[in-house]
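Have a look at the structure below before the remarks.
The values are calculated or read from the model by the stated rules, or taken from the named source; none is laboratory data. Note that the structure is predicted; figures quoted are calculated from it, not measured. Neighbour counts run over all protein chains shown; Cβ positions are idealised from the backbone, glycine included. Please note that ligands, DNA and RNA were not included when accessible areas were found on the heavy atoms of the full protein model with its side chains. Shrake-Rupley method; radii C 1.70, N 1.55, O 1.52, S 1.80 Å.
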Amino acid sequence: MTDTKQPSTVFDPLDVEARAGASYPDEFKPICAERYKRRIGDHAGLSNFGVNLVTLKPGSGSALRHCHSKQDEFVYILSGTATLVTDAGETTIGPGQCAGFPAGDGNGHMLANNTAADVVYLEVGDRTAGDAVTYPDVDLAGTFTGSGFTFTRKNGEPY
């Protein structure tokens, strides 16, 4: 007889709470208002890197266009078609396609949903403390402290 009991590390990612929006200062929050992240890596007890199941509703973005000094990022599209915006311009990325953003490469990037259907993707990134985030299109700078990001203006003034 086969044991059908699942290990405790197996779970349905849709059972993980979806969190809307981003922790940006108020003036920058609208871009992500319809972005829903399920922190499935946290749910699995992972601490060295994060894994999120993300849904972008039509008209929403993954983030402001940004790049990290110390943290790598990777996205894998599960469904829908997103517009990947980088320093090189815009390109579409769809199911089964992925993109990686190495730490320190300076390539500002973000995903936008310019379609009428949801975009669902996996987002993977490490959690290197002391990471500095650059936002080339707006007056915003971010620093990762290990417990989350803090944001200031590019000149260091608080919001």
Any idea which residue in the stretch 106-126 is least open to solvent (accessible area, probe 1.4 Å), counting only those that are modelled with pLDDT of 95 or more and charged (D, E, K, R)? E123
Given (1) hydroxyl-bearing (S, T, Y); (2) in contact with a Gly (Cβ under 6 Å, 6 or more places away or on another chain); (3) open to solvent by less than 50 Å² (accessible area, probe 1.4 Å), identify the lone condition not met by T81. (3)
Taking the stretch 143-159 and the residues there that are under 13 Å from H66 (Cβ atoms) and modelled with pLDDT of 90 or more, the one that is least open to solvent (accessible area, probe 1.4 Å) would be F151
Extreme residue, surrounded by the fewest Cβ atoms within 10 Å (Cβ to Cβ), among residues of the stretch 37-55 that are hydrophobic (A, V, I, L, M, F, W, C) and under 19 Å from F101 (Cα atoms): F49
Can you run down the residue pairs with Cβ atoms below 6 Å, 6 or more apart or on separate chains, where the first is in the stretch 38-56 and in contact (Cβ under 8 Å) with a residue 12 or more places away in the chain and assigned to a strand (DSSP E or B) and the partner is aromatic (F, W, Y) and surrounded by 16 or more Cβ atoms within 10 Å (Cβ to Cβ)? V54/Y121; T55/Y36
Test result for A129, of a type in the set (A, V, I, L, M), touching a His at 6+ places or on another chain (Cβ under 9 Å) and assigned to a loop (DSSP other than H, G, I, E, B): no
Residue count, the stretch 9-37 (criterion: part of a loop (DSSP other than H, G, I, E, B) and closer than 25 Å to R153 by Cβ): 6
Please state which of the following conditions A116 fails to meet, knowing it meets all the rest: (1) in a strand (DSSP E or B); (2) touching a Pro at 6+ places or on another chain (Cβ under 8 Å). (1)
What's the total number of residues in the stretch 78-92 that are part of a strand (DSSP E or B) and under 17 Å from H66 (Cβ atoms)? 7
Where A103 falls short, out of the listed (1) in contact with a His (Cβ under 8 Å, 6 or more places away or on another chain); (2) over 22 Å from A18 (Cβ atoms); (3) in a strand (DSSP E or B): (3)
Can you tell me which condition E34 does not meet? The list is (1) open to solvent by 90 Å² or more (accessible area, probe 1.4 Å); (2) at pLDDT 95 or above, and all the others hold. (1)
